[in-house]
1. Enumerate the aspartates and glutamates that B:K167 could reach by cross-link, defined here as Cα to Cα under 17 Å, with residues fewer than 8 away along the same chain left out.
2. Would you mind giving the mean number of other chain beta-carbons within 10 Å of the Cβ of each residue in A:79-90, as a whole number?
3. Pop the C-beta distance of A:I24 and B:N174 into the FRET formula with R0 = 35 Å and round what comes out to the nearest 0.05.
4. Please give the charge dipole size of chain B, origin at the Cα centre, charges +1 on K and R Cβ atoms and -1 on D and E Cβ atoms. Round to the nearest 20 debye.
5. With unit charges on the beta carbons (Lys and Arg positive, Asp and Glu negative) and the dipole taken about the Cα centre of segment A:2-86, which residue among A:W20, A:L10, A:Y72 sits farthest to the positive side?
6. I'd like the FRET efficiency for A:E53 and B:K37, computed as 1/(1 + (r/R0)^6) with the beta carbon distance as r and R0 of 45 Å, rounded to 0.05.
7. Say the cut-off is 21 Å between C-alpha atoms; which of B:K324/B:K539; B:K409/B:K475; B:K441/B:K508; B:K222/B:K493; B:K89/B:K147; B:K231/B:K409 go over it?
8. Please give the charge dipole size of segment A:2-86, origin at the Cα centre, charges +1 on K and R Cβ atoms and -1 on D and E Cβ atoms. Round to the nearest 20 debye.
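Taken together, the values in this text are just the output of simple stated rules run on the coordinates, not laboratory data. The model shown is predicted, which means the values in this text are computed figures rather than measured ones. Reconstructed Cβ throughout: ideal geometry from the backbone, glycine too, with neighbour counts over all protein chains shown.
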Amino acid sequence: MVKFLLFAILLISTFGLGSWAYKINYESRAASQRVKSLEKAILSAKKERKILEAEWAHLNNPDRLRKLVEYYFRELRLTPINPDNFISFSEIYLNKDIEKTPAASLGTSFSEMGYDK
Amino acid sequence: MISSNKKKIFTEYPRTRTRLVLFGLFVLLGFLLISTKIVFLASKKDQKHKRYSETEKVPTRLNIVDRNGYILATNLEGVSVYVRPEEIKQKALVSQQLKKIFPDLKETLLLKKLNDGRKFFWLKNLVSPKQEKALFDLGQPGIYFGKREYRFYPHGSLASHLIGFTKVDAFDVNYAKISGISGVEKALEKRLAEEILPQLENNAINLSLDLPVQAEVENVLKEWQKRMGAKAGGVVIMDIHTGEVLALASSPDFNANKERIILGKKTETNNYFNRAVQGVYEMGSTFKIFSVAQGLETNLFDVETLIDTTEFRISSRKIEDKYKFNSKSTVREIIVRSSNVGSARLALMIGEKGLKEIFSILGLLEPVGLELREASITQPIVPRDWRDITLATTSYGYGISVSLLHLAKAYAILGNGGFSVEPTILKKQQDSQTGFRVLKKRTSDEILKLLEAIVTDKRGTARILASKHYRIGGKTGTAEKISVDKRGYQKDKVISNFVGLFPLTKPKYVIAAFLDEPENNFLKEPCRYASCTVVPMIKKLIERTGPLMDIIPERHNAKF
């Protein structure tokens, strides 16, 4: 009787272990497949990023921007930066009424920046 | 019960025991074999089934970026096309179709290649995505695409001399090895070509170059070169403490993206010459400050010492000035008004040893230690024997030829408090060490005052540089060019240059510029001197680049 019980337990545990090993095997294979495809995706994303970075650099080419600024001068009125563009704090004209205008139209309001203190 | 049964079986069938034992052994052997194989498989490094990303080592090249991270050179993946003629049936049709896509191909040559029995030939090394699609849409067998890396310079001709360009060294169906030919591409070849796995983060080499400053410098240089009708020009802006080169321009330049095509034809080779680094010229009066520096360093004289400035002869050569000087002038006046006679007298006082010493301290007798190969092969042309006449002429910049970078380095040492500095194109860490002391602090301070006087003094040669925004100091230089056909110099062809330091409140940058054969025709009389050709350009350069380099204007302190 004891022997039969032992035999039965062994048999069941063998089947149990076998099916567990089978499951793990398939899971790990699936996982490695997924890793492989993810790595492929990462690689292609990186390649894409590289192209986009190159394109961004090309679009920001100073010569190109200069031509665009000249072309759209009427709309943008941009001129090259000049030392005259720097002024001291005392020269900033602060209008108190500026507080009444909606902040959205001003960007960050002066009070937030702490300039009127 | 069971044991008696077993005995019964074994006695009835005597060979059963042996068979069972043998069978047992057989099973055990099989089991052992399988387990050894398993252990073997598990322990062996699997070479065959490496991951896709691990095996695909793209022979890539690092990006080159400026000090703020703007990309200056990058690698992109392109496509090359090759053909296996034996797989193509309608050869005449295919050659017609290919001719439509690539108008530069010769149809007859193509047809010949298709028909002469070869198994393989390259159609194009690099095709555009549009051409690739057109080829793909043909649906013809026998036309294959291979991966091909190529170098892309997003800013075209910007900083082209500094960045340099590349060539394809070796290539295969799926592979192209790129190597540098000039500039940074050549100088840092080893670091750029390190084989890296694509899954690693994008590494890049940070240059000390500042892209916006470089762009502005090139823009202004080209504009003034045109205005002054100059053949060529060059500008260097360098940090005087760290030696970092922020801008290095040489004009005319080239577009490295178009390099592949031009190089074969050997046209416009002139454009590839880096004038700021490779070009050695007699620089003229910009050399005068060096003998003064040596005199101050060795306490031979001070800036108020009176020197004889009447013209004189050394052997048969007459040393004279273009402006009239009093019979005696102070050292300050000699520098401010740029007197050749005074300068020659100073050099004779200092002597051969002293002059050689200061030239050697300032690095004017050897190539500059910039990483570029162009710099390391550029040896200054130094006089062989130092007679009195040589001493006199070298003191005002004749008889010794150096590059613009040499001048920038020398002035950097004079302006940074007297520390040695080596120009570099690589971005340095903020806390990087400064060089060792080579000149006294007092000498450096005196020199800075003299250089500022050249700009602020009413009679100074660079007085038009006086700016309400920045305190600038610097020396002008105009040197006649040596005549190629006959002995002597050409009066109407000059190299005009200027080397300056700014902002003088706390000197940080040296700017050196030159124009080759400039002539200012906007004045009453044509003028070739640096004061009316290069100096106005420098003014514009400093006003444009100053704000970009975070220099806050100090108009309230400036003297006019």
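1. Once the sequence-local aspartates and glutamates are set aside, what remains near B:K167 is B:E77, B:E149, B:E185, B:E189, B:E194, B:E259.
2. Averaged over the peptide's residues, the number is 5.
3. According to the calculation, E is roughly 0.40.
4. Its charge dipole is roughly 2120 debye.
5. With unit charges placed on the Cβ atoms, the residue in question is A:L10.
6. Values: r = 49 Å, r/R0 = 1.09.
About 0.35, to the nearest 0.05.
7. Flagged as over cut-off: B:K324/B:K539; B:K89/B:K147; B:K231/B:K409.
8. Charge dipole of segment A:2-86: 460 debye, to the nearest 20.
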